[in-house]
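Structure first, commentary second.
The values are calculated or read from the model by the stated rules, or taken from the named source; none is laboratory data. In this text, all values refer to a predicted model and were calculated from it rather than measured experimentally. Neighbour counts are summed over all protein chains in view; Cβ atoms, including those assigned to glycine, are modelled from backbone coordinates with ideal geometry. Quick note on the areas: whole protein, heavy atoms, side chains included, nothing else; ligands and nucleic acids left out. Shrake-Rupley method; radii C 1.70, N 1.55, O 1.52, S 1.80 Å.
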Amino acid sequence: MSGLRLISQSETDFILMLIVSTVYQVLYSVAGEEVVQQMQQKFPMYSMKMFGNIGDSRQFYVDICTTARLMIADQRKKSSVMLCNRAIRIINEKFADPDLSLVSVSTEISVSPNYLSALLKKDTGETFKELLTKKRIETAKELLMDTNMKVREISEKCGYNDQHYFSYCFKKFYGDSPNKVRNDNRTDGEGHI
């Protein structure tokens, strides 16, 4: 049995502490300090007993690793929701910018366009384009009802450079042209519809 040597208890303890340390480092880098503190409450350092051999302590270390994995998955889910909320907030704030796009929003929140697209679809059930168009067209309808702005002005205010394309999108969304929707939903000075 030349070349094989049993490792000592101090070497075993050192390896196990390296495992725990690595788990905490990964947890910190992915999920942050608050999650590490939650982990420390579940597995206080003083309760990490060093056992006679790796087999005896296996379940203890499996529990630490499993708990860390679940905490990371939960944090990623929360992060996904936060990213979607940020993207929706940007759409709601910048919808009037005709250059607003999936690429510009994904760049602003530092994720890839494909990843953001998948997150939005999963979280909202709608694509980026659907969310942006919905915001633009709903805002246009409000302006049609509440102002005397011309359709051209409303289209520009809602991020459309081309009034005809705006009218096409509006009709596709509401089933009628902007002028028809305005005329059907406005009252004249005598209170008639």
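Counting only the Cα atoms, the chain fills a convex hull of 185 Å³ per residue. Estimated from helical segments only, the mean residue ellipticity of the chain at 222 nm is -23500 deg cm²/dmol, where each DSSP H run of four or more residues counts as -39500 (n - 2.57). Take the Cβ atoms of K77 and T147, set R0 to 41 Å, and the FRET efficiency comes out at 0.50. Just checking the listed ones, K42, K157, K94: in the Gaussian network model of the chain with Cα springs under 10 Å, the one fluctuating most is K42. Here the stretch 83-193 has an Rg and Dmax of 15.8, 55 Å, counting Cα atoms alone.
In this model, which of K78/K135; K78/K141; K121/K172; K94/K121; K42/K78; K77/K172 are farther than 26 Å apart at the alpha-carbon? In this structure, K78/K141; K77/K172 exceed 26 Å between Cα atoms. Rolling a 1.4 Å probe over the heavy atoms of the protein chains gives the stretch 106-166 an accessible area of 58 Å² per residue. Protein heavy-atom surface of the chain, 1.4 angstrom probe: 53% of the accessible area is carbon and sulfur, with nucleic acids and ligands not counted.
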